[in-house]
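This report refers to the structure that appears directly beneath it.
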Amino acid sequence: MTGIDKELLAIMTQTIVVENLIPVVATPPDYNPPVLDGYGRHYTNTSGESGGTTQYGPAKTYKCRLEYQTKVLSTIDGRDRVSSGRAYLAGFFPEISTECRVTVPGQTQQSLKHPVVMYVENNFDESGLVGYNTTLHFE
């Protein structure tokens, strides 16, 4: 397999906006470390703002297919959370991680507008050498 099937690409008409985390190179004396959630990811509140002094790079828009479903997961502190969907991206993007800030344009519910990325799945072809697709699992 080389790349994503053309029929599958044709249904990837939605968009998602991703901002990558900018690593902190130097720590100023008045630095407040970023707030982390139960999974060790950088906290993002419902308005999309991050906790602490976390900084994000420029936003990139990706073509994708969004799917929503209910899935029960257990967090690190023993509480159950519900996963609300996946974004199948139209390409392979290994630079996207769980620390990225995600915005789903057109969503009215704040929890769906700025979902927390729980897991990033990078899919490879049969040889395991060529990446063809990235899937974001979010709550």
Legend entry - Top-ranked residue of region 74-93 - restricted to ones that are modelled with pLDDT under 70 and surrounded by 14 or more Cβ atoms within 10 Å (Cβ to Cβ), ranked as farthest from the chain's Cα centre (by Cα): Arg81
Inset, instruction - Please name all residue pairs, on different chains or six or more residues apart, with Cβ atoms under 6 Å, provided the first residue is in region 56-68 and is closer than 18 Å to Pro94 by Cβ and the second residue is part of a loop (DSSP other than H, G, I, E, B). - result: Gly57/Asn20; Lys63/Met12; Lys63/Ala90; Cys64/Met12
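Condition test on Arg65, is it closer than 17 Å to Thr13 by Cα, among the charged types (D, E, K, R) and at pLDDT 85 or above? Reasoning before the result, please.
Details: closer than 17 Å to Thr13 by Cα: yes; among the charged types (D, E, K, R): yes; at pLDDT 85 or above: yes.
So Arg65 fits the description; yes.
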Inset, instruction - From (1) under 15 Å from Val102 (Cα atoms); (2) modelled with pLDDT of 65 or more; (3) surrounded by fewer than 12 Cβ atoms within 10 Å (Cβ to Cβ); (4) not hydrophobic (A, V, I, L, M, F, W, C), pick out the condition that doesn't hold for Gln55. - result: (3)
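Go through Glu126, Glu121, Glu95 for me and flag whichever is out of contact with any Asp or Glu (no Cβ under 8 Å at 6 or more places or on another chain) and free of Cβ contacts under 8 Å to residues at least 24 places away in the same chain.
Glu121
Please tell me if Pro105 is in a loop (DSSP other than H, G, I, E, B), touching a Gly at 6+ places or on another chain (Cβ under 7 Å), within 30 Å of Asp5 (Cβ to Cβ) and at pLDDT 85 or above.
Considered against the rule, which asks whether it is in a loop (DSSP other than H, G, I, E, B), touching a Gly at 6+ places or on another chain (Cβ under 7 Å), within 30 Å of Asp5 (Cβ to Cβ) and at pLDDT 85 or above, Pro105 comes out as no.
Please enumerate the residues belonging to region 98-139 that are within 14 Å of Lys60 (Cα to Cα) and surrounded by fewer than 14 Cβ atoms within 10 Å (Cβ to Cβ). Full working, then the answer.
As a first pass, look at region 98-139 and keep what is within 14 Å of Lys60 (Cα to Cα): 100-105.
Within region 98-139, Pro105 is the sole residue that qualifies.
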Legend entry - Residue under evaluation Ile96, criteria (1) modelled with pLDDT of 90 or more; (2) farther than 22 Å from Ile22 by Cα; (3) assigned to a loop (DSSP other than H, G, I, E, B), criterion not met: (2)
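The values are calculated or read from the model by the stated rules, or taken from the named source; none is laboratory data. As the structure is a computational prediction, the values presented were derived from the model and not from experiment. Virtual Cβ from ideal backbone geometry, glycine too; neighbours counted across all protein chains shown.
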